[in-house]
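> What follows is a structure written as structure tokens; I'll ask about it next.
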Amino acid sequence: MVRLIEHGVFIDKSYNVILGADNFGNVEEGRKKTMAYKILEKHNHSGNMEQLKLKFDCMVSPDNNYVNILQTAKASGLKKFPMPYVLSNCHNTLCAVGGTILEDDHAFGLSNAKKFGGIFLPPYRGVLHQYMREMMAGGEKMILGSDSHTRYGALGTMGIGEGGGELVKQLVGQTYDIAYPQIVGIKLFGKPKPGVGPMDVALALIAKTFANGFNKNNVLEIMGPGIRNLSMEFRMGIDVMTTESAALSSIWETDELTEQYLAEHGRAGEYKCLRIEEGAYYDKFIEIDMDNVEPMIALPFHPSHAMPIRVFKADMTNILKEIEEEGNRIKGNHGEPFRIMNHIKDGEFYPDQALISGCAGGLFENIVAVADILKSGLNDDIYGIPGNKLNLHVNPASLPVMEDLMTKGIGSELAVSGVTMRPCICGPCFGVTDAPADNQISIRHVTRNYPNREGSKPGQGQMSAVCLMDARSIATTVRNGGKLTGADELKDINYRELKHIFNRKIYEKQVFDNYGHENPSEELIKGPNIADWPEMAPLKDHILLKVAGSYKGSVTTDELIPSGEASSYRSNPEKISGFTMISRDPEYVGRAKALRTIETALNLDKKAGNITLGSIMISDQIGDGSSREQAASCQKVLGGFANLANEYSTKRYRSNLINWGILPLRTEEPLDIPVGKYLFISDIKEILRSGRSEVEIQILDEKFDVSTEDEVRNLDQMEIESHKVKTIKAKLDILTEEERKILLAGCLINHYKG
């Protein structure tokens, strides 16, 4: 199904793997024959393809993080948007959680679009990635988004999802700096069987490549004869999920279907024919035989925990026991234990809730396939889904998709079948709508199933979980009375090949496109929850760190800052920081704040000495998941100055740390440092200024402690070092000159405002 080649290869014109360079020249020439190289070269401003400085064609942000980005950019000197910047209102859309504060965010976004010349996509018109596919993506473009699923490779666009700090840099005229990434070739061949959808192909890829880091921070270049067997929406459905393999970006070969899609969306001139050249070189290679892809299920609590539904059903008791154990680790001692074994009844697995939504699930063809499956299951005895069985809810990806479903009668068919069609929002994908009941299991065609992603609150005793599946198998399970069933088991389905008609007029009036028409005199509308960033002090000569959190295993961005209710407060740095690690370590915030109180008082004293006091988080791996900058900025607001890990899960999380002035320390040594320990790094300022990477971290003995401003003010380096009991060798890894300056300044805002 999926074959990995873990070394460099050349490719001939028939996509055959050639191991040697005899026929094609050297590796460097081979790199230039990839699609990715040409696009990166076009957007690079460094003059050096080994160290890229990229500028993007346009950007996009959702409403759960654009307020922070705009506040940061304004504090950093923003005058106008230098490129098209779409402010999408699709995450915190319902304005039901937390009163009216979310609509305050929307009013703030619209006023920024007026003042600085932006594009404002109002609530319920579309999710950000579908709008970008429909209106902004095109051949050889690059788009930067503050959502991790920024992926438009199927349209010939390299999309990158990053933390807000990287978007701020673009807004104030800076560049996205990165070493030239490895390019991983993916050859698609064969054709998916009836009932196999894009999520199935994507999960097969993720299951094979995430845990081993095969795609981590790399660009995926997708090619091969199998592409022609996929519709444009099928390609997009695979593409958006490549984020979950930890890839940096993706790009696909394009063809007449790509050209047709862009023409139908009023952008025929955006098409570029993208092909690999014979002799293209790839650092690694993947082959996917789509003939053998089966309906898949990604079990809690990660998309990579995926396997064929057939395999899961053959061993579900043992698999679910492991998931239950992991769920109880996540829940801790809050309320009754997490229980899901009762979902097995008479040897079958029965989930409680079914959802199809957003940029991955809510596409036209997915929803039509759902209608086909459910319509064929109707009979005289049951007119629609029984109210006491598994119910299904659908959020189309955009208003044009919803309008066409209604025009073609699909909406009516779904209603008769018992499916509810919801607004065009991302809510179910990250837990701000449809949170299941305690101990329930939801099956969803969305992008993620991380812990708490469904909206549960384990710290308050409420815990549920999500399994990812393709829309076709979800509909089949619903049709089968709620019994987990892969869509390939159905043999009586007539899948219609209805052509989606895009109605551009919906966007012409309903979207406020003010790019190039900025009005500096426009007043920004700031509701009571929209708060400025607090003052953040620059780094001093030395740094004293107290461990506020120490963990085993992976710390995800959903644990650092949860989705769901917490999203309501992302426009208020102080309030949102109170949710940091709340689901895993409710005491973290209090420990960090105690140190921040001392350091804040010291920074008001101009003679406070040359030692920065802050908190540090320690874990084997930190940062798996979303691009949300709050996963780092909240640590900073609480007084965090460093993280120490064996591994940082993604480039985007590490960038977030740097942009918020948090040292991304990495070590090869085992980490067993308890909460409350003090660590000391001498001459950290000089290390950053000199361009060095190696850092020696001194672990201090149990006798060392500080609890007042005076105690810290009177510390000196020699006194601290007299308490040293052990040292750890760590690295900052590769930092650009700009990143070192940001760390020295204390954060991105301090650096750019001078």
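> From (1) over 27 Å from GLY213 (Cβ atoms); (2) assigned to a loop (DSSP other than H, G, I, E, B); (3) over 22 Å from the mean Cα position of the chain (by Cα), pick out the condition that doesn't hold for PHE680.
(2)
> Then there's this: Does any residue of segment 564-577 turn out to be surrounded by 20 or more Cβ atoms within 10 Å (Cβ to Cβ), among the aliphatic types (A, V, I, L, M) and in a helix (DSSP H, G or I)?
yes
> Quick check on my filter: what residues within segment 680-708 are surrounded by 12 or more Cβ atoms within 10 Å (Cβ to Cβ), under 30 Å from GLU739 (Cα atoms) and not β-branched (Val, Ile, Thr)?
Selection gives PHE680, SER682, ASP683, LYS685, LEU688, ARG689, ARG692, SER693, GLU696, GLN698, LEU700.
> Under 8 Å by Cβ, and 6 or more places apart or on different chains, what pairs join a residue from segment 655-667 that is under 12 Å from GLY623 (Cβ atoms) and of a type in the set (Ser, Thr, Tyr) with one that is part of a loop (DSSP other than H, G, I, E, B) and at pLDDT below 95?
Pairs that qualify, where the first residue is under 12 Å from GLY623 (Cβ atoms) and of a type in the set (Ser, Thr, Tyr) and the partner is part of a loop (DSSP other than H, G, I, E, B) and at pLDDT below 95, are SER655/GLU162; SER655/GLY163.
> Consider ARG329 against the criteria (1) in a loop (DSSP other than H, G, I, E, B); (2) under 28 Å from the mean Cα position of the chain (by Cα): it satisfies all of them except one. Which criterion is unmet?
ARG329 satisfies all of (1) in a loop (DSSP other than H, G, I, E, B); (2) under 28 Å from the mean Cα position of the chain (by Cα) except (1).
> From GLY185, GLY153, grab the single residue that is closer than 30 Å to ASN16 by Cβ and either over 21 Å from the mean Cα position of the chain (by Cα) or hydrophobic (A, V, I, L, M, F, W, C) (or both).
Within the list GLY185, GLY153, the selection yields GLY185.
> In segment 425-442, is there at least one residue being under 17 Å from ARG472 (Cα atoms), not assigned by TED's automatic domain parsing to the domain that holds VAL127 and not in a loop (DSSP other than H, G, I, E, B)?
Yes - at least one qualifying residue is present in segment 425-442.
> Where residues in segment 14-44 are part of a loop (DSSP other than H, G, I, E, B) and either among the aliphatic types (A, V, I, L, M) or at pLDDT below 90 (or both), which of them is nearest to PHE189 (Cα to Cα)?
Filtering segment 14-44 for residues that are part of a loop (DSSP other than H, G, I, E, B) and either among the aliphatic types (A, V, I, L, M) or at pLDDT below 90 (or both), the one nearest to PHE189 (Cα to Cα) comes out as LEU19.
> Tell me, yes or no, whether segment 451-460 has at least one residue that is under 30 Å from the mean Cα position of the chain (by Cα), at pLDDT 95 or above and either polar (S, T, N, Q) or part of a loop (DSSP other than H, G, I, E, B) (or both).
No, there is no match, as no residue in segment 451-460 is under 30 Å from the mean Cα position of the chain (by Cα), at pLDDT 95 or above and either polar (S, T, N, Q) or part of a loop (DSSP other than H, G, I, E, B) (or both).
> Filter segment 627-654 down to the residues that are hydrophobic (A, V, I, L, M, F, W, C) and within 21 Å of the chain's Cα centre (by Cα), then identify the one that is farthest from ALA730 (Cα to Cα).
Filtering segment 627-654 for residues that are hydrophobic (A, V, I, L, M, F, W, C) and within 21 Å of the chain's Cα centre (by Cα), the one farthest from ALA730 (Cα to Cα) comes out as CYS634.
> Among the numbered criteria (1) farther than 21 Å from ILE622 by Cβ; (2) of a type outside the set (Ser, Thr, Tyr); (3) out of contact with any Ser or Thr (no Cβ under 7 Å at 6 or more places or on another chain), which single criterion is violated by ILE576?
Here ILE576 meets the rest and fails (1).
> Looking at (1) among the aromatic types (Phe, Trp, Tyr); (2) more than 27 Å from GLN510 (Cα to Cα); (3) buried (at least 24 other Cβ atoms within 10 Å of the Cβ), can you tell me which one TYR152 breaks?
It is condition (2) that TYR152 fails.
> Something else: Among the numbered criteria (1) buried (at least 20 other Cβ atoms within 10 Å of the Cβ); (2) within 29 Å of LYS651 (Cβ to Cβ), which single criterion is violated by ILE611?
Single failed check for ILE611: (2).
> May I ask you to list the residues in segment 717-754 that are of a type in the set (Lys, Arg) and under 20 Å from ALA645 (Cα atoms)?
Selection gives LYS726, LYS729, LYS731, ARG740.
> Taking PRO351 as meeting all but one of (1) buried (at least 22 other Cβ atoms within 10 Å of the Cβ); (2) within 25 Å of the chain's Cα centre (by Cα), write down the number of the exception.
The number of the failed condition is (2).
> Can you tell me which of PHE285, PHE301 is in a loop (DSSP other than H, G, I, E, B) and touching a residue at least 60 places away in the same chain (Cβ under 8 Å)?
PHE301
> Please state which of the following conditions ILE530 fails to meet, knowing it meets all the rest: (1) surrounded by fewer than 20 Cβ atoms within 10 Å (Cβ to Cβ); (2) among the hydrophobic types (A, V, I, L, M, F, W, C); (3) touching a strand residue (DSSP E or B) at 6+ places or on another chain (Cβ under 6 Å).
(3)
> Right, something else. Give segment 720-754 a look and list any residue that's over 17 Å from LEU663 (Cα atoms) and not acidic (Asp, Glu), or say none.
ILE720, SER722, HIS723, LYS724, VAL725, LYS726, THR727, TYR752, LYS753, GLY754
> Counting only residues that are among the polar types (S, T, N, Q) and in contact with a helix residue (DSSP H, G or I) (Cβ under 8 Å, 6 or more places away or on another chain), give me the strands (runs of 3 or more DSSP E) lying completely in segment 590-676 with at least 2 of them.
Here the list reads 611-624.
> What do you reckon, is GLU287 surrounded by fewer than 22 Cβ atoms within 10 Å (Cβ to Cβ) and either aliphatic (A, V, I, L, M) or out of contact with any strand residue (DSSP E or B) (no Cβ under 7 Å at 6 or more places or on another chain) (or both)?
no
> Here are some residues: ASP147, ASP200. Which one is part of a loop (DSSP other than H, G, I, E, B), of a type in the set (D, E, K, R) and crowded, with 22+ Cβ neighbours inside 10 Å?
Residue meeting the stated conditions: ASP147.
> With the condition kept exactly as written, say whether any residue in segment 535-558 is surrounded by 19 or more Cβ atoms within 10 Å (Cβ to Cβ), in a loop (DSSP other than H, G, I, E, B), under 21 Å from the mean Cα position of the chain (by Cα) and touching a residue at least 12 places away in the same chain (Cβ under 8 Å).
No, there is no match, as no residue in segment 535-558 is surrounded by 19 or more Cβ atoms within 10 Å (Cβ to Cβ), in a loop (DSSP other than H, G, I, E, B), under 21 Å from the mean Cα position of the chain (by Cα) and touching a residue at least 12 places away in the same chain (Cβ under 8 Å).
> Determine whether LEU257 is surrounded by fewer than 22 Cβ atoms within 10 Å (Cβ to Cβ), modelled with pLDDT of 95 or more and assigned by TED's automatic domain parsing to the domain that holds MET199.
yes
The values are calculated or read from the model by the stated rules, or taken from the named source; none is laboratory data. On a predicted model such as this, the values are computed, not experimentally measured, just so you know. Here the Cβ is made from the backbone with ideal geometry for all residues, glycine too, and neighbour counts use every protein chain on show.
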